[in-house]
Each structure stands twice: as C-alpha cells, then as structure tokens.
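Okay, structure first, notes after.
Rule-based calculations on the coordinates, nothing more; no lab input. Being a predicted model, the structure only gives us computed values, none of them experimental.
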Amino acid sequence: MRKLYLTTALGLTCLWSVSAFASGYQLNEYSITNLGRSFAGAGVVGDDYSAIAYNPAGMTLKKSGAQVSFTVAEVASEMKGQGDSVGKQTDMDFGVPLPSAYAQYQINDKWFVGGGIYAPYGLATKYKKDSYIADSARESTLEVIDYNLSTAYKLNSQWSVGASFIARYIYGHMTNNMTITGGFPAESDFELDG
C-alpha cells in the first residue's frame with residue numbers, strides 16, 4: 001500500500017507543471033568553432049581556447065596561444081497588433097556585435113594559466129518611438145560581459161583540474177512611452193551600470 005501511495009504521489013508530481021515566462025537570449029557565441037558544431041564537446045575537445053570559459057581543466061589539452069572571434073547577431077522581426085491594436089504593425093531591425101577573446105600560457109608540463117573576455121547573456125529590443133508597442137517597451141538592452149581568469153593543473157595523462165575567477169559587468173537600459181495624469185505624454189528611462 002505504501003508503494004501505491006508513493007507511486008501516486010510521484011505521478012501527480014510529474015503531471016503538475018508551472019508556466020514560466022522569460023525574454024532574452026543566451027549568447028553561446030563563445031567560439032566560432034563550437035558554434036559550428038553546436039557546442040558538442042565544448043571545453044573537452046582540445047582544439048579551441050574557449051575551454052577557458054566552459055571548462056578550465058580543458059586548457060591542458062592545448063599549448064600556449066590565443067584566439068579572437070567576432071559574431072554579429074542580427075535581429076529582424078515584424079510585429080502585428082492584436083486586441084486593441086489590430087491592423088497596426090511595427091518592426092525591429094538592428095545588429096548586436098559579440099566579440100570574444102581568449103589566451104593561455106603553459107607555465108610548465110603541469111601548470112596552465114589563461115584568461116578570456118566574452119558575452120554569456122544579452123537582451124535587446126528596439127522599437128520606434130511612435131510604435132504601438134512603445135508603451136510596453138521601446139528600448140530594452142541588457143549586456144553581460146565576463147572577464148575570466150583561469151588556471152589548470154594536469155594530474156596525469158587522463159586527469160586535469162581547473163578553476164576560474166569570473167568578474168561580470170552588467171549594463172542595462174530600458175525606455176518606454178507612458179501617459180501621466182491629465183493625459184500628458186511622457187517617457188520612462190531606466191539605466192543600470194555595474
């Protein structure tokens with residue numbers, strides 16, 4: 001009987017779900033090489049210095065060196081109104097640069113040190129000031145940049161350990177149209193820099 005209760009409780013738990021709503025995008029643009037193979041084996045293949053971001057122990061798979069990559073995420077969308085905004089439309093069209101850089105130095109047969117700069121997360125929307133969406137969000141920008149210092153130690157030919165210190169810089173800017181008391185048009189402008 002106890003097994004039946006446990007199975008029933010587990011089944012009900014699996015059926016219960018909660019909705020989650022989020023906006024933004026994760027920027028897995030750490031490396032052009034890994035992007036080309038959909039990040040399969042990222043940090044353990046040993047052919048890319050971006051292991052510094054994914055798995056610092058993977059630094060022991062390559063000698064001293066550096067790499068720089070540059071990607072542009074192009075956002076182009078068209079929105080059509082619904083509800084009170086039926087028949088209205090607006091669009092977004094802008095590019096976001098995503099550079100990254102990594103370097104490592106092999107101190108001896110066992111020790112490696114390295115560092116990297118990359119963008120792990122971001123969010124951006126840009127609508128025109130007269131857009132029907134501008135009351136909700138005209139411009140939203142969230143930029144996250146990681147500054148990474150890493151070290152790795154090769155225990156033997158099969159095992160390595162690594163550690164990273166990551167300092168994260170975050171910049172956010174959000175604006176939208178609004179109407180204040182009396183029907184006067186105004187603008188909300190919020191900025192976060194740190």
What is the extension gain from Ala186 to Ala163, computed as 0.36 nm multiplied by their sequence separation minus the C-alpha to C-alpha distance, in nm to one decimal? 3.4 nm
Linear extension gain, Tyr147 paired with Lys3, 0.36 nm per residue minus alpha-carbon span: 46.7 nm
What are the ³J(HN,Hα) couplings of region 100-111, residue after residue, when phi is run through the Karplus curve with 6.51, -1.76, 1.60 and θ = phi - 60°? Round to Hz, x for glycine and proline. 8, 8, 9, 8, 9, 9, 8, 5, 8, 5, 10, 9
Whole-angstrom gap from region 162-194 to region 123-157, using each part's C-alpha centre: 12
